[in-house]
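For reference, the structure is listed below as structure tokens.
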Amino acid sequence: QVQLVESGGGLVQPGGSLRLSCAASGSMSSTNVMGWYRQAPGKQREVVATITGGGNTNTADSAKGRFTISRDNAKNTVYLQMNSLKPEDTAVYYCNVRTFRGGYIPRDYWGQGTQVTVSS
């Protein structure tokens, strides 16, 4: 029902910046939360940041002050601006949309993942 296409990953030097984008297509509930998660090899998946349709955000401590999540509701697109990147940020980043059917029943949709590598 919902398809997510990510873009913007790549290789960047420590201290550099990247901007990830994720466009959602297909029908989706107006009640939803969009977010970014990441997973490094051998590590658990972790949430980076989430944002509601009303613009309320939650950002992981590791990303606070460096990463900013935003969304364009008209385009059904969520962004992650990543500044002051560190090698520890290296991971596959996944876009997520959590819909609430009837405003209550949750369901998760995931993007294909985009590689972010921070290295000198």
**Asked** Which percent of the Cα-Cα distances in region 62-120 go past 16 Å?
**Response** 58 percent
**Fill in**
Candidate cut points under trypsin sites (Lys or Arg not before Pro) in region 56-107, DSSP loop plus at most 16 other Cβ atoms within 10 Å of their own Cβ, are LYS64, ARG66, LYS75
**Message:** Cut-off under 19 Å on the C-alpha distance; same-chain residues fewer than 8 positions from LYS86 excluded. Which aspartates and glutamates are left, in chain and number order?
**Reply:** GLU46, ASP61
**Message:** Quick check: at a probe of 1.4 Å, how many percent of the accessible area of the chain sits on carbon and sulfur atoms?
**Reply:** 46 percent
**Request:** Roll a 1.4 Å probe over the protein chains and send me the accessible area per residue for region 41-81 in Å².
**Result:** 61 Å²
**Request:** Using a Gaussian network model of the chain whose springs link C-alpha atoms within less than 10 Å, name the residue from GLY42, GLY102, GLY15 with the highest mean-square fluctuation.
**Result:** GLY42
**Asked** Given 5 Å bins starting at zero, what is the percent of C-alpha pairs of the chain in each, up to the one with the largest pair distance?
**Response** 2, 12, 23, 25, 19, 10, 6, 2, 1, 0
**Prompt:** chymotrypsin sites (Phe, Trp or Tyr not before Pro), restricted to region 31-120: which are DSSP loop and have at most 13 other Cβ atoms within 10 Å?
**Reply:** TYR104
**Computed magnitude of the charge dipole of the chain (debye, nearest 20; Cβ of K, R +1, Cβ of D, E -1)** = 140 debye
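The values are calculated or read from the model by the stated rules, or taken from the named source; none is laboratory data. Note that the structure is predicted; figures quoted are calculated from it, not measured. No Cβ is skipped: glycine too gets one built from the backbone with ideal geometry, and neighbour counts run over all protein chains shown. Note: areas computed on protein heavy atoms with side chains; ligands, DNA, RNA excluded. Shrake-Rupley method; radii C 1.70, N 1.55, O 1.52, S 1.80 Å.
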